[in-house]
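What follows is a short report on a single structure.
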Amino acid sequence: MLKSLRSASQSIVAKILFIILLGSFAFWGMGPIFQGTRVQTAAKAGDVKITTTVANEAYERQVKMLQQQYGLNITPEMAARLGIKANVVRQLVMQSLYDQEASKLGMRLDNGLIHQTVATQPVFRDESGKFNPQKFVQFLRIMGMSENAYIYELKSDLIRTLLMGAERAGVAVPYEMAKVQYLYDKEMRTVAGYMIKAENMKDFPQPTESDLNALHDEKSALFETPEYRTISYIHFDKSNLQNVPTPSDEEIHTAYDSAPQSYGEPEKRDIIQITTEDEGLAKTIAEESQKTSLEKAAETHQLIARPLAGLVSGSVLPSLSDAIFKLKEGETSGVISSELGFHVIKLTKIIPPHLRTFDEAKDEITKQLHESKNQEALDKLTQNVEDDIGGGMKLKEIADKYHLPIENIGPVSAKGQKPDGSTIKSDQPGLADVLKAAFSIEKDENSGIVQSGEMNIVAQVDQIDPTRLKSVNEVKPELQQMWQEKKQAEKALQTAEDRAKALNEGKTDNMLSAISPFQRTGLGGKDLKEKIADAAQLDENTVKRIFEANIGDVFASQSEKGAWVIKVTAITPPSLEKADLTGLQKSIKEDVANNFLDQYGSALRSSYGTYLNEKWLNQKPDSDVQ
């Protein structure tokens, strides 16, 4: 959650929620929400049951996040392929195990730290850098969380962070370990060599029918056509709506009169407050603040009275909000108890509400009502189409009934390609979602309503042309070319091996050309092209063999465009005299610490025991599984 909050300063929805996809400990708290009386269980972490209700909610939240993040329409089949349900429930299990271990170790947090953590998150600050209650409320609304749930989960996240930090803190990487890694990474090799290019190999007989048949069998996967489908689909959004009524003057007046406070600024209040877990200390400060100021009383007891500006009724914890909005300007409260601890609050300023007149708000209200009516009409159209689909109505009948455009595409593959290899036009409405929907259903079925951005789509499969293996005669030119290239590669490697053998026997080879020294990570094409005309880049396998060889070794190595003849001429170890291994030590430490945490998580799973309900995993998220 802490990492999420930091990221949220860049994008409230995408950046906050993306942390869930990465597998970090996210926003699904394990505590009281798992203590209900229902017995449906998706998984267990020790003695803690993770209910199917909680797991399904987490699954749905993850799917929604992915759809928002990537603009995908994630079907249940796609979610199954991605393993989303299994990933979600494993996150919940590990989160619970860490919570249980922290509780077992007696780990606790000061509520003042929680308060400070909330107040200092960039996502909750306004342009002046102050805590903004409205942003806090917006965050909770986006996440679908209550304030109490947020505070509980923040505490849990902080405790887990401390627990994992304690486990990582003991990891140390000695200088010698970094030294060995440095010497391995920075070692330089110098070689001389040249490539025998496969394309220069000539004089092969034409392949026989038997040769082509054997190659066709060997490479059959390359000659299979994809499945093609012919698809019809309809699409509709607000632009397809007809006869949507314009908001009347009476409706506009009614909207304004029912909630005039919505069209202006509500009353706001600025405060300063102290928070402590010690009720006695809070009482002392409250008493002393009556004789001096709250700031001085707090300072006397080594606390800080922190300011909060622009508070709106309902934007803070209810136990605090009631007290704050009963205070008079300049008045200091007594001790107030909340989920965060004990507070003493001074009201420093009241900013009166400002309401716009009807004339000032009319255009905004009209726009809102117009949007609302359009949305209602779209929702009604969507429901009517769903009902008609459920009643067995054909796609063309639905299109005619509601005057919707119907599109026809295909034959086309799941990747949008036609049988001739061309790609269908990408400017057709919701094409990617149409293909996804159409390739998840059977012939003569329709997909039901699928959302594509703000558009609704219904796809229908009219015809399926199954995949098939092309015959030898259909792909004969390709087979002949493949056979030719195979023979050229074999001859290039054989020639390179013969020349390498001759060099090892003491013969000279004037074609050898020096290549600039390079490290184990490989060599860019630049040096090769400067030293050897038209040479290809050294491939990974050849580089690996170079670093396994000794000085003077000569060998042949096949590559994509032919075969190399290579002689290792020098090995240069790196100098440690001016090497700064600090960064390398840090990188190795991070890798070791992460590996240690993996092992720690494995130990927790073994110690507490875990269980995953495979029946739930294979059912739809809203199914009840015992």
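The values are calculated or read from the model by the stated rules, or taken from the named source; none is laboratory data. Just so we're clear, the structure is a prediction, and the values are computed from it rather than from any experiment. So basically every Cβ, Gly included, is an ideal-geometry build from the backbone, and we count neighbours across all protein chains shown. The accessibility values were calculated without ligands, DNA or RNA, using every heavy atom of the protein model including side chains. Shrake-Rupley method; radii C 1.70, N 1.55, O 1.52, S 1.80 Å.
Overview of values
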| item | result |
| --- | --- |
| Given (1) of a type in the set (A, V, I, L, M, F, W, C); (2) surrounded by 20 or more Cβ atoms within 10 Å (Cβ to Cβ); (3) free of Cβ contacts under 8 Å to residues at least 24 places away in the same chain, index of the condition ALA282 fails | (3) |
| Criterion (modelled with pLDDT under 90 and either open to solvent by less than 60 Å² (accessible area, probe 1.4 Å) or in contact with a Cys (Cβ under 7 Å, 6 or more places away or on another chain) (or both)) met by exactly one of ALA570, ALA579, ALA556 | ALA579 |
| Qualifying positions in region 452-465 - under 27 Å from ASP387 (Cβ atoms) and surrounded by 14 or more Cβ atoms within 10 Å (Cβ to Cβ) | SER452, MET455, ASN456, ILE457, VAL458, ALA459, GLN460, VAL461, ASP462 |
| Region 500-511 residues that are touching a residue at least 12 places away in the same chain (Cβ under 8 Å), paired with ones that are of a type in the set (Asp, Glu) (beta carbon under 8 Å, 6 or more apart) | LEU503/ASP509 |
| Members of region 52-91 found to be modelled with pLDDT of 85 or more and within 17 Å of the chain's Cα centre (by Cα), listed by number | TYR59, ILE84, LYS85, ALA86, ASN87, VAL88, VAL89, ARG90, GLN91 |
| Members of region 405-446 found to be in contact (Cβ under 8 Å) with a residue 24 or more places away in the chain, in a loop (DSSP other than H, G, I, E, B) and more than 21 Å from ASP465 (Cβ to Cβ), listed by number | PRO405, PRO429, GLY430 |
| Near pairs, Cβ below 6 angstrom, 6+ apart or cross-chain, from region 184-198 (part of a helix (DSSP H, G or I)) to any residue that is of a type in the set (A, V, I, L, M, F, W, C) and open to solvent by less than 20 Å² (accessible area, probe 1.4 Å) | ALA198/ALA492 |
| For GLN417: the one exception among (1) open to solvent by 30 Å² or more (accessible area, probe 1.4 Å); (2) in contact with a His (Cβ under 6 Å, 6 or more places away or on another chain) | (2) |
| Meets criteria (at pLDDT below 80, in contact with a Lys or Arg (Cβ under 8 Å, 6 or more places away or on another chain) and part of a helix (DSSP H, G or I)) for ILE19 | yes |
| Matching residues, region 366-404, being closer than 27 Å to ILE424 by Cβ, open to solvent by 50 Å² or more (accessible area, probe 1.4 Å), touching a residue at least 24 places away in the same chain (Cβ under 8 Å) and not basic (Lys, Arg) | HIS403 |
| Residue in region 589-602 that is over 25 Å from ASN56 (Cβ atoms), crowded, with 16+ Cβ neighbours inside 10 Å, modelled with pLDDT of 80 or more and β-branched (Val, Ile, Thr) present | no |
| Qualifying residue in region 514-529 (condition: modelled with pLDDT of 85 or more and of a type outside the set (Asp, Glu)) | yes |
| Identity of the residue in region 466-506, among the basic types (Lys, Arg) and farther than 25 Å from SER210 by Cα, that ends up most open to solvent (accessible area, probe 1.4 Å) | LYS501 |
| All positions within region 323-346 that are at pLDDT 90 or above, surrounded by fewer than 16 Cβ atoms within 10 Å (Cβ to Cβ) and either aromatic (Phe, Trp, Tyr) or closer than 14 Å to ALA286 by Cβ (or both) | GLU331, GLY334 |
| Subset tally (residues that are out of contact with any Lys or Arg (no Cβ under 7 Å at 6 or more places or on another chain), open to solvent by 20 Å² or more (accessible area, probe 1.4 Å) and among the hydrophobic types (A, V, I, L, M, F, W, C)) for region 219-248 | 3 |
| Residue list for region 251-270, filter: part of a helix (DSSP H, G or I) and without any contact (Cβ under 8 Å) to a residue 24 or more places away in the chain | THR254, ASP257, SER258, SER262 |
| Residue satisfying all of: in region 383-404; of a type in the set (Lys, Arg) and outside any loop (DSSP other than H, G, I, E, B); farthest from the chain's Cα centre (by Cα) among these | LYS401 |
| Which numbered condition ILE114 fails, given (1) at pLDDT below 80; (2) surrounded by fewer than 16 Cβ atoms within 10 Å (Cβ to Cβ) | (2) |
| Boolean, ALA172 is modelled with pLDDT of 75 or more, exposed (fewer than 15 other Cβ atoms within 10 Å of the Cβ) and within 30 Å of THR467 (Cβ to Cβ) | no |
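The rows are residues; the columns are (1) under 24 Å from the mean Cα position of the chain (by Cα); (2) modelled with pLDDT of 85 or more; (3) of a type in the set (Val, Ile, Thr); (4) surrounded by fewer than 16 Cβ atoms within 10 Å (Cβ to Cβ).
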| residue | (1), (2), (3), (4) |
| --- | --- |
| LYS130 | no, no, no, yes |
| GLY165 | yes, no, no, yes |
| TYR184 | no, yes, no, yes |
| GLY193 | no, yes, no, no |
| LYS202 | no, yes, no, yes |
| SER210 | no, yes, no, yes |
| LEU215 | no, yes, no, no |
